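To start, the structure itself, in structure tokens.
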Amino acid sequence: MIIAAPKSQEWLSDPQFLPLKDWIIQRTGLSYYSSRETEFAAALERVFGQGKSRPSAGVLLSRIQSNASDLDALVEELTIGETFFFRHLEMFQALQSAVFPDILQRKAASKTLRIWSAGCSIGAEPYSIAILLREMLGMQFKDWSIQILGTDINRRFLRVAQAGAYDPWALRGMPPQILHHCFTQEGNKWRLTDRCRSGVTFRSHNLASDPFPNSPEGLAAFDLIICRNVMIYFDQAFIQKLAHQFHDSLSPGGWLAVGHAEPHTNTFRMFRTVNTKGAILYQRPTGGSEILESISTPAYPPPRTAWAPLPVTLPALEVASDRFSTPESPSPFLSESFLPKPDAAAESPPQSYPLEAAMQLADRGALLEALQACDTFLLNEPLSAAGHCCHGMILYQLSEWVAAERSIRRSLYLKRDLALAHYYLGLVQERQGHNAKKHYQNALDLLLDAQADDLVPLGQGLTVREFRSLLAMPETLAEAR
């Protein structure tokens with residue numbers, strides 16, 4: 001669990017804090033932080049506030065403007081990398097049933113296919129697409145020139161993607177036959193085989209500041225662009241600009257896939273809208289008349305019924321000896337057994353240890369998913385002090401002060417000696433303008449007899465020594481002593 005430090009309040013009082021935040025948002029497009037000063041300050045503290053010489057916001061702004069490594073370090077803290085293979089199965093089912101049949105037929109003569117995963121995080125999405133295409137094409141895969149490009153602003157995520165080694169959490173819900181044909185186990189990691197990584201490349205790209213389409217850089221003439229759960233962090237003006245850029249980066253007839261939570265309708269009116277079960281897709285028209293027709297459609301058309309797949313006929317696919325299925329068994333991708341049902345457990349943390357899963361999600365910055373996992377746990381364990389404490393800490397990270405206080409007080413009602421709960425109750429009280437000294441003191445008193453190297457309950461490896469140092473930060477607590 002990420003421990004929030006009161007020290008981050010010093011950033012908020014710095015007169016150059018807002019200019020620093022505004023410059024970062026302009027540079028990265030992360031307008032999600034426009035009204036989240038506390039979260040942004042906490043990120044600054046985690047990255048730049050740990051050393052002996054803590055820079056002011058003005059000094060840090062100058063450093064970041066001239067030092068790419070400082071900017072990269074902050075971006076790594078501000079962006080979220082929680083993802084897993086075949087995440088949101090409805091999208092992959094739509095690619096399998098509608099998008100790829102259309103593209104493969106139109107490109108049958110050239111046998112070339114170009115795909116861009118924009119905001120690819122740790123690479124699970126582009127690799128999932130490669131696995132899907134390999135299974136759909138079978139022996140014909142080797143006859144195609146398939147290029148799948150994954151880009152992200154977070155260089156640390158890209159290093160993970162390029163390494164191609166993942167922990168089991170990123171592979172949850174992966175069908176066993178695919179896991180064992182596409183990965184080899186190395187200790188507690190699973191590494192993609194060279195065959196299943198074929199055609200997938202990664203590089204850094206900033207959607208806000210790096211120009212595209214850009215033919216010399218290979219950022220043009222794509223058959224499919226996927227940009228999921230990225231635009232939710234941008235403001236509407238920037239999203240509209242991106243929609244036009246994505247349109248111009250596609251070949252005529254190319255497809256755009258965005259996340260289910262992304263804006264649509266009027267934003268993507270230059271595309272043909274295609275509704276499939278569980279996913280909305282956008283296709284660049286192939287001719288002038290289609291473009292005029294698309295632009296003239298109402299900004300908010302009524303919902304359409306599920307769209308049937310395009311009436312295409314692919315050449316018969318041979319059964320390949322190097323595919324994941326055998327000649328005696330049907331292709332797992334082309335049968336219901338390959339992709340689990342959309343409501344399968346892959347979309348939610350395993351039910352056997354949901355509280356641990358919630359804390360892992362929170363560590364990775366996936367706070368809404370962490371909250372959902374914690375809610376699931378509390379439905380089954382309503383008297384768990386640890387569960388309510390975890391719930392409150394996640395709500396605190398989401399700046400939901402009142403709800404966070406309610407959950408933390410419930411945990412203390414059930415178990416009065418949770419030092420971490422007293423600490424977070426103090427943080428919540430401070431955010432609401434109340435005196436928090438007694439709560440910090442309660443947390444300290446509970447650890448008086450503990451050894452320095454003992455672990456704080458629910459602290460995810462936090463030692464008593466580290467916790468005492470954390471509690472020594474607030475000036476109010478220093479005065480209380």
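Taking into account only those residues within region 13-57 that are of a type in the set (S, T, N, Q) and free of Cβ contacts under 8 Å to residues at least 12 places away in the same chain, which is nearest to Glu76 (Cα to Cα)? I'd like the intermediate steps shown before the answer.
From region 13-57, those of a type in the set (S, T, N, Q) are 13, 16, 26, 28, 31, 34-35, 38, 50, 53, 56; that's our starting set.
When the remaining residues are screened for being free of Cβ contacts under 8 Å to residues at least 12 places away in the same chain, the result is 13, 35, 50, 53.
Numbers: Ser13: 24, Ser35: 20, Gln50: 16, Ser53: 21 Å.
Looking at the filtered set, the residue picked out is Gln50.
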* May I ask you to say which residue of Leu379, Leu398 is more than 18 Å from Ala42 (Cβ to Cβ), within 33 Å of the chain's Cα centre (by Cα) and modelled with pLDDT under 85? => Leu379
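Answer yes if at least one residue in region 390-403 is touching a helix residue (DSSP H, G or I) at 6+ places or on another chain (Cβ under 8 Å) and charged (D, E, K, R), and no otherwise. Don't jump to the end; show me each part of the working.
First, pick out the residues of region 390-403 that are touching a helix residue (DSSP H, G or I) at 6+ places or on another chain (Cβ under 8 Å): 390-399, 401, 403.
Applying the additional criterion that residues be charged (D, E, K, R) yields none.
Looking through region 390-403, none of the residues is touching a helix residue (DSSP H, G or I) at 6+ places or on another chain (Cβ under 8 Å) and charged (D, E, K, R).
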* Can you find even one residue in region 71-89 that is modelled with pLDDT of 90 or more, over 20 Å from Ser249 (Cβ atoms) and not hydrophobic (A, V, I, L, M, F, W, C)? -> no
* Subset of region 431-451 that is touching an Asp or Glu at 6+ places or on another chain (Cβ under 9 Å) and either small (Gly, Ala, Ser) or assigned to a loop (DSSP other than H, G, I, E, B) (or both) - its residue that is surrounded by the most Cβ atoms within 10 Å (Cβ to Cβ) -> Ala436
* **Members of region 210-232 that are out of contact with any Ser or Thr (no Cβ under 9 Å at 6 or more places or on another chain) and over 26 Å from His88 (Cβ atoms)** => Pro211, Ser215, Pro216, Glu217, Gly218
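Where in region 50-107 are there helices (runs of 4 or more DSSP H), lying wholly inside it, with at least 2 residues that are hydrophobic (A, V, I, L, M, F, W, C) and farther than 27 Å from Ile178 by Cβ?
Details: elements: 57-66, 68-78, 89-94, 100-106.
Per the criteria, 57-66, 68-78.
For region 452-473, what are the residues that are hydroxyl-bearing (Ser, Thr, Tyr) and not in a helix (DSSP H, G or I)?
Result: Thr463, single match.
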* To do: Inspect region 184-192 for any residue being touching a residue at least 24 places away in the same chain (Cβ under 8 Å), of a type in the set (S, T, N, Q) and over 30 Å from His247 (Cβ atoms) and give the result as yes or no.
  => no
* To do: Mind listing just one residue for me: the one in region 107-161 that is more than 18 Å from the chain's Cα centre (by Cα) and among the aromatic types (Phe, Trp, Tyr) and, of those, surrounded by the fewest Cβ atoms within 10 Å (Cβ to Cβ)?
  => Trp144
* Return a yes/no flag: does region 31-41 have any residue that is closer than 25 Å to Val230 by Cβ, part of a loop (DSSP other than H, G, I, E, B) and hydroxyl-bearing (Ser, Thr, Tyr). => yes
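Looking for whichever is within 20 Å of the chain's Cα centre (by Cα) and among the acidic types (Asp, Glu) here; the options are Asp248, Asp235. Which one fits?
None of the other options fit; the residue is Asp235.
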* To do: Tell me, yes or no, whether region 189-203 has at least one residue that is over 23 Å from the mean Cα position of the chain (by Cα), acidic (Asp, Glu) and under 30 Å from Glu135 (Cβ atoms).
  => yes
* Is there a residue being crowded, with 22+ Cβ neighbours inside 10 Å and over 28 Å from Val75 (Cα atoms) anywhere in region 162-181? -> yes
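The values are calculated or read from the model by the stated rules, or taken from the named source; none is laboratory data. On a predicted model such as this, the values are computed, not experimentally measured, just so you know. Quick reminder, even Gly has a Cβ in these numbers, built from the backbone with ideal geometry, and neighbours come from all protein chains shown.
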